[in-house]
Amino acid sequence: MAILASSFINWSALWKIVLAALIGGAGVVIVFGFLLYGVKIANNAKSGAGEWGGYALAGVCGLLCVGAVVAGIVAMTDKPKSKPAKPAKSSLVVPSRTWS
Amino acid sequence: MDLEGCPPGMGSELILILVVVAGFSFDFTNGFHDTANAMATSIATGALKPKVAVVLSACLNFVGAFLSISVAATIAKGIVNPEVLTGGDGLVLVLAALIGAMTWNLITWYFTIPSSSSHALIGGVIGATIVATASSEVNWHNLVQTVIVPAVLSPFIAGGVAALGTYCAYRLIRRLGQREARTGYRYGQIFSASLVSLAHGTNDAQKTMGVISLALIAHGDISATSFSVPFWVKFGCALSIALGTASGGWRIINTMGNRITNVESPQGFAAESSSAAVILASSYYGYPLSTTQVVSGGVLGAGLGKKVDSVHWNVIGQMLTAWIFTMPGAGLLGGAAWAIADIFGAHANAGAIVICALAAAGAFGLWTLAQRNKVTANDLDRTNVSPVEEAELAGVPSAVAAA
């Protein structure tokens with residue numbers, strides 16, 4: 001079953017997609033949350049240091065979010081042509097039809 | 001269908017014009033069918049007014065269509081023998097495929113179900129090809145590898161990431177306070193939804209560019225060897241998908257934003273961010289998938305990340321059923337369109353005109369039926385709901401919400 005699945009699933013691309021999704025999806029949500037938290041700290045700060053600390057946290061998180069958006073746009077403009085998965089050499093290869 | 005005896009360049013001017021019109025029409029349906037992918041959650045949480053949301057999405061879809069053309073002409077690539085599509089009968093076959101896909105889009109729109117326009121198009125191509133060639137020109141292994149498997153995996157990936165993002169967001173909200181968090185995440189939603197719109201334009205408009213370009217190859221207007229998408233095709237597809245998006249598919253926006261789960265702004269942000277990340281990463285690594293299925297998975301995951309009970313499983317069941325039947329359904333419609341056209345002869349203008357007339361009549365019938373239970377932009381407007389009221393609607397006590 002696993003051997004058959006490997007002829008259909010491009011595991012190499014899949015783990016990269018999952019990793020990128022975790023960073024760009026869940027990661028951005030968390031970082032954005034800390035951005036809001038930084039703003040809250042700055043607004044509620046009773047000292048100048050606290051205020052600057054809050055803004056610093058918000059600024060760093062904001063830059064990370066902007067970086068994620070830029071990475072997304074770069075991925076859009078720089079995407080390679082789609083290609084089917086390459087089956088592993090050891091796997092059961094279902095013969096792929098070639099067009100004559 | 002005898003491929004050997006039908007060299008390229010045999011199709012008539014009229015059929016080519018019908019294919020181009022059908023291509024632009026399909027892009028229009030794709031636009032209003034998929035507006036929900038990007039903007040449903042932003043509208044549901046009141047981050048944007050419905051009309052503002054769809055106009056913003058339309059502009060970004062238009063821009064996105066010009067960002068990259070690397071996926072153009074890849075629709076059904078490796079699944080259907082390209083000689084079938086660029087051969088002498090290719091024009092009518094492409095027309096039948098577009099009609100099948102467009103009609104399926106309209107049927108699912110009528111039933112308010114988000115389904116994949118890309119899968120509908122692939123289904124239409126396969127159905128028309130099977131009826132025309134008795135399936136010998138379809139590569140089933142590549143179909144499973146490049147369409148079915150990503151279709152099954154992508155909603156789980158987006159859903160899992162969105163669930164994790166939502167869970168973390170609500171943990172943070174305890175430190176932030178409801179008001180700041182919900183207001184802040186509403187702003188975040190505008191950016192994440194915009195990114196999904198841009199990605200949608202990049203992916204989906206180009207699929208139709210590819211289809212129209214195939215028709216131009218079949219007609220002998222552009223060369224298959226030195227392939228490039230003409231500017232008027234790019235502009236026409238970009239404009240069609242943008243106009244479709246701007247027209248607002250309120251029925252599907254309602255399903256995606258309100259009926260899967262009661263989306264709140266942190267959930268909407270998590271769903272859209274996760275979806276954007278999955279769509280862009282998979283596109284970058286050459287793993288084709290459906291924007292609709294990814295975003296639906298993201299919204300479901302965002303619901304699960306907050307509370308399992310908040311997900312309306314009957315709606316999920318309807319969506320899954322529609323997804324399973326999208327390719328066979330569009331395939332049947334595409335195959336039927338080809339069969340009807342073939343009655344008049346594969347190269348006859350009459351057949352192409354008849355299937356276009358039938359498709360137009362069907363579209364008008366569905367539109368008329370949809371007017372009976374119409375969903376409008378005003379029905380979906382939540383911008384007058386404050387963050388505190390949003391929290392109360394979601395079951396959070398007002399004292400906590402105001403904290």
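Taking the conditions exactly as written (within 14 Å of the chain's Cα centre (by Cα), closer than 18 Å to B:G159 by Cα and either away from chain A (no Cβ under 14 Å) or part of a helix (DSSP H, G or I) (or both)), does B:S282 satisfy them or not?
Spelling it out, it is not the case that B:S282 is within 14 Å of the chain's Cα centre (by Cα), closer than 18 Å to B:G159 by Cα and either away from chain A (no Cβ under 14 Å) or part of a helix (DSSP H, G or I) (or both).
So which of B:N254, B:N262 is modelled with pLDDT of 85 or more and surrounded by fewer than 24 Cβ atoms within 10 Å (Cβ to Cβ)?
On inspection, the qualifying residue turns out to be B:N254.
Return yes when B:A72 is closer than 23 Å to B:S282 by Cα and modelled with pLDDT under 90 and no when it is not.
The answer is yes for B:A72.
Of (1) touching a strand residue (DSSP E or B) at 6+ places or on another chain (Cβ under 9 Å); (2) within 9 Å of chain A (Cβ to nearest Cβ), B:P288 satisfies all except one. Which?
(1)
Quick one: count up the residues across region B:154-173 that are closer than 11 Å to A:A21 by Cβ and at the interface with another protein chain (Cβ under 8 Å from one of its Cβ atoms).
The total comes to 6.
In this structure, does B:S275 turn out to be touching a Lys or Arg at 6+ places or on another chain (Cβ under 8 Å), closer than 28 Å to A:A21 by Cβ, part of a helix (DSSP H, G or I) and of a type in the set (S, T, Y)?
no
How do the helices (runs of 4 or more DSSP H) wholly within chain A filter down when requiring 1 or more residues that are facing another protein chain (nearest Cβ under 8 Å) and modelled with pLDDT of 80 or more: which remain?
Those helices (runs of 4 or more DSSP H) span A:11-21, A:28-44, A:48-77.
Show the residue pairs meeting these rules: Cβ distance below 7 Å; 6+ apart or different chains; first residue within region B:99-119 and touching a residue at least 60 places away in the same chain (Cβ under 8 Å); second residue among the charged types (D, E, K, R).
Listed pairs, sorted by first residue: B:W109/B:R251; B:T112/B:R251; B:S117/B:D34; B:S117/B:D204; B:S118/B:D204; B:S118/B:K207.
Among B:D221, B:D204, which is the only one that is of a type in the set (D, E, K, R), more than 9 Å from chain A (Cβ to nearest Cβ) and within 23 Å of the chain's Cα centre (by Cα)?
Only one candidate qualifies: B:D204.
Which members of region B:96-125 meet the condition of being over 12 Å from B:T292 (Cα atoms), of a type in the set (A, V, I, L, M, F, W, C) and outside any helix (DSSP H, G or I)?
B:F111
Specify which of the listed residues (B:A40, B:A47) is in a helix (DSSP H, G or I), at pLDDT below 90 and under 30 Å from B:I260 (Cα atoms).
B:A40
For region B:222-234, give me each residue that is surrounded by 14 or more Cβ atoms within 10 Å (Cβ to Cβ) and either modelled with pLDDT of 85 or more or farther than 17 Å from B:L93 by Cβ (or both).
Answer for region B:222-234, where residues must be surrounded by 14 or more Cβ atoms within 10 Å (Cβ to Cβ) and either modelled with pLDDT of 85 or more or farther than 17 Å from B:L93 by Cβ (or both): B:I222, B:F227, B:V229, B:P230, B:V233, B:K234.
Only one of B:A352, B:A357, B:A341 is small (G, A, S), surrounded by fewer than 17 Cβ atoms within 10 Å (Cβ to Cβ) and either part of a helix (DSSP H, G or I) or touching a residue at least 60 places away in the same chain (Cβ under 8 Å) (or both); which?
Just a single option satisfies the conditions, and that option is B:A357.
Output the residue which, of all residues in region B:291-315 that are β-branched (V, I, T) and over 17 Å from the mean Cα position of the chain (by Cα), is farthest from the other protein chains (Cβ to nearest Cβ).
B:V315
Of the numbered conditions (1) assigned to a helix (DSSP H, G or I); (2) more than 24 Å from B:S115 (Cβ to Cβ), B:G298 satisfies every one except a single condition; which is it?
(2)
Each row is one residue, and each column tells you yes or no for (1) of a type in the set (F, W, Y); (2) touching a Gly at 6+ places or on another chain (Cβ under 7 Å).
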{"position": "B:D309", "(1), (2)": "no, no"}
{"position": "B:H312", "(1), (2)": "no, no"}
{"position": "B:V315", "(1), (2)": "no, no"}
{"position": "B:L320", "(1), (2)": "no, no"}
{"position": "B:F325", "(1), (2)": "yes, no"}
{"position": "B:A330", "(1), (2)": "no, yes"}
{"position": "B:A336", "(1), (2)": "no, no"}
{"position": "B:A341", "(1), (2)": "no, yes"}
{"position": "B:A348", "(1), (2)": "no, no"}
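For B:N30, only one of the following conditions fails: (1) modelled with pLDDT of 90 or more; (2) under 29 Å from B:G184 (Cα atoms). What is its number?
(2)
The values are calculated or read from the model by the stated rules, or taken from the named source; none is laboratory data. Fair warning: this is a prediction, and the values are worked out from it, not measured in the lab. Ideal geometry is used to build each Cβ from the backbone, glycine not excepted, and the neighbour counts take in all protein chains shown.
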